[in-house]
Ligand SMILES: *Cc1c(COP(=O)(O)O)cnc(C)c1O
C-alpha cells in the first residue's frame, strides 16, 4: 500500500486504500467477505486466518484510523457501545473508574446496569473541573473516561490538564471523541491513552451505519484491546468497513460544513426571544470557549438550547419539517432530539435534573444542508 508521510492527515484520509489492490489498480478498497483464509502450508499464514481475528478490508480501515489519530493501533467495532464495552472489559472486579457526568446515556447504562454486576465501581464527576477529578481519584482508580464536549450540555474538559493528572496517578486516560472527530480534536496529543468513537455519528456521517472505534496510543494497550475484541467478537463486518472507509474520505469536508452551519445557527438561536439558553462552545459566553480554542480546531456541529416550557419543546419537535426529530447525531442530515426522553432516559430523573437535562432542553445536530433552510425550519418550528 502507498504510504505518504509528507501529506496532511486529511489528504491521507482521502487516499485511504488507494493502491491496496495492485493487481487491478482499483481505487476503492475491495470488500473481502471471506470468513476464512486458505493457508499456504502448515505453520504459514497469509496474515489472515479467520475474519473475527482479521480481515483485509477492516485492516485498511483500522490502519487509516490509527494513523489519523496518531495512535499505534486502531480497532473497529459493530457499534460505539461495543467499542466502549470492550474497553470496560479491560478492567477487573474492584477497579474504580472516573467518568464524565455529562455523558452519553448508553455509556451510563452499561456501567450502571451491567459492569456494576461485575464489581466495577464508577464515580460520575464534572470533568470540566480538573480539581473535582483529582479529588475523586482513589487507590482503586484505574481509568478516567471523558467526553468533551459533554453530552448534551457541551461542557469542555481540559484534556492537557487531565492527561497530566492521569499520568501522575498512573491511571488510564480515555476520551470519547465522538462529538468532534479526529479532524477537530486528537486527544492522544494531549496525553490520552485511548480514543473512543461511535462511528455511527460523524465518522460514518450519513445516518446509515452503526460502528465504533478504539484507537490506542501504545502498542501494548492496543494489543490488549485487540485480544479482548478478538475474544469477545464485536467486530465490524467487511461490508460496513467498506462503507465507513468511503465515509471517511469526506470526513474533513463534512466537518468543515457542520462547523460553519452550527456557528451560524448558534448565533441565530442566541437572538431568538423564545430561546432561553444556548449551549455552543463556539459562542464567546460559553464557559469552555477559550479552552475549546486551545484543544480543538473548531467547535463542531452539536449544540443544545432551552425553550421556556416543556410543552413548547414538544411543539417545536412536532412542527419540524426539514430537521428530523430523531436520536443520534453527526450525519449530513440535521437531527433534533429531546435528551431527557430519548438519549439520556436511562439516567435517573433526579440525576438528570441535577445535571440540567430537563424537558425544555433540545439538542440539535446541525447537518450540512443549506444553512438558510435549517434556520427557516427552526424559525417556523419555534414560532
Ligand atoms: C452514540 C454515542 C455512543 C454509542 O455509540 P453507538 O454507535 O450508538 O453504539 C457513545 N458515545 C457517544 C458520545 C455517542 O454519541
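The values are calculated or read from the model by the stated rules, or taken from the named source; none is laboratory data. Remember, it's a predicted structure, so these values are computed and weren't measured experimentally. With ideal geometry, Cβ positions are generated from the backbone for all residues, glycine too; neighbour counts draw on all protein chains shown.
Worth a mention:
- Boolean, residue 281 is in contact (Cβ under 8 Å) with a residue 12 or more places away in the chain and closer than 30 Å to residue 161 by Cα: yes
- Residue 215 in the same structural domain as residue 146 (by TED's automatic domain parsing), farther than 24 Å from residue 335 by Cβ and not in a helix (DSSP H, G or I): yes
- Filtering 374, 357 for residues that are touching a residue at least 60 places away in the same chain (Cβ under 8 Å) and touching a helix residue (DSSP H, G or I) at 6+ places or on another chain (Cβ under 7 Å) leaves a single hit, 374.
- If you filter the stretch 69-81 down to residues that are more than 17 Å from residue 193 (Cβ to Cβ) and crowded, with 23+ Cβ neighbours inside 10 Å, you find that the one that is farthest from the ligand (Cβ to nearest atom) is 76.
- Candidates are the residues of the stretch 114-137 that are under 17 Å from residue 150 (Cα atoms) and in contact with a strand residue (DSSP E or B) (Cβ under 6 Å, 6 or more places away or on another chain); the one that is surrounded by the fewest Cβ atoms within 10 Å (Cβ to Cβ) is 132.
- Taken over the stretch 184-202, the criterion of being more than 10 Å from the ligand (Cβ to nearest atom) and part of a loop (DSSP other than H, G, I, E, B) is satisfied by 184, 185, 186, 191, 192, 193.
- Of all the listed residues (106, 155, 64, 54), the sole one being out of contact with any helix residue (DSSP H, G or I) (no Cβ under 9 Å at 6 or more places or on another chain), farther than 15 Å from residue 192 by Cβ and either more than 14 Å from the ligand (Cβ to nearest atom) or touching a residue at least 12 places away in the same chain (Cβ under 8 Å) (or both) is 155.
- The selection criterion, being within 13 Å of the ligand (Cβ to nearest atom), in contact (Cβ under 8 Å) with a residue 60 or more places away in the chain and over 27 Å from residue 8 (Cβ atoms), holds for residue 234.
- Matching entry among 159, 153 (being under 21 Å from residue 70 (Cβ atoms) and under 19 Å from the mean Cα position of the chain (by Cα)): 159
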